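See below for the structure under consideration.
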């Protein structure tokens with residue numbers, strides 16, 4: 001297992017290893033997740049994994065150490081102190097793992113990494129994620145109308161962010 005970056009009551013987040021990329025790709029492609037994210041191929045993940053601007057984090061249930069999700073953060077090398085939560089996927093839904101992982105991510109971004117802003121985009125129809133982000137202090141900044149083409153339709157993305165000054169542990 002790789003280096004621990006943070007933990008909550010029920011989850012812990014570790015730096016991913018290249019051996020995790022197959023699990024990540026499979027989790028993205030699962031029918032319950034694929035409609036809500038812009039998934040990548042294993043090749044794209046392999047390329048992105050070695051990009052110093054990105055970090056892949058694995059989310060594990062503390063009690064069993066079972067993988068329950070992952071996230072990708074971007075913007076680590078940029079001077080603006082604005083990190084992007086590029087992706088967060090939880091494989092075990094309805095157990096609070098996503099909320100707690102998001103709390104650990106916010107703490108790592110603002111306290112450990114010195115970020116000023118954490119932002120994300122989320123598909124407009126992903127009501128579960130929108131509700132979570134709003135309840136965790138993210139503010140809706142705008143909409144990227146019909147920004148993503150999925151099969152025969154276009155989907156809009158909601159841009160949300162939280163500033164360091166708005167972050168409460």
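The values are calculated or read from the model by the stated rules, or taken from the named source; none is laboratory data. For clarity, every value in this text was computed on a predicted model and none was experimentally measured. Cβ coordinates were reconstructed from backbone atoms using ideal geometry, including for glycine residues, and neighbour counts include every protein chain displayed.
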Picking from 59, 24, 38, which residue would you name as being assigned to a loop (DSSP other than H, G, I, E, B) and either at pLDDT below 95 or in contact with a strand residue (DSSP E or B) (Cβ under 6 Å, 6 or more places away or on another chain) (or both)? 38
Answer from 75, 96 - the residue that is closer than 23 Å to residue 34 by Cβ and in contact (Cβ under 8 Å) with a residue 12 or more places away in the chain: 96
Find the residue count for segment 129-146, including only residues that are out of contact with any strand residue (DSSP E or B) (no Cβ under 8 Å at 6 or more places or on another chain) and within 17 Å of residue 86 (Cα to Cα). 1
Here the residues within segment 1-21 that are part of a helix (DSSP H, G or I) and surrounded by 12 or more Cβ atoms within 10 Å (Cβ to Cβ) are 20, 21
Sole miss for residue 149 among (1) touching a strand residue (DSSP E or B) at 6+ places or on another chain (Cβ under 7 Å); (2) assigned to a strand (DSSP E or B); (3) more than 20 Å from residue 12 (Cα to Cα) is condition (1)
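Pull up segment 36-64, narrow it to residues that are more than 15 Å from the chain's Cα centre (by Cα) and touching a residue at least 40 places away in the same chain (Cβ under 8 Å), then point me to the one that is farthest from residue 147 (Cα to Cα).
Only one residue fits best here, namely 63.
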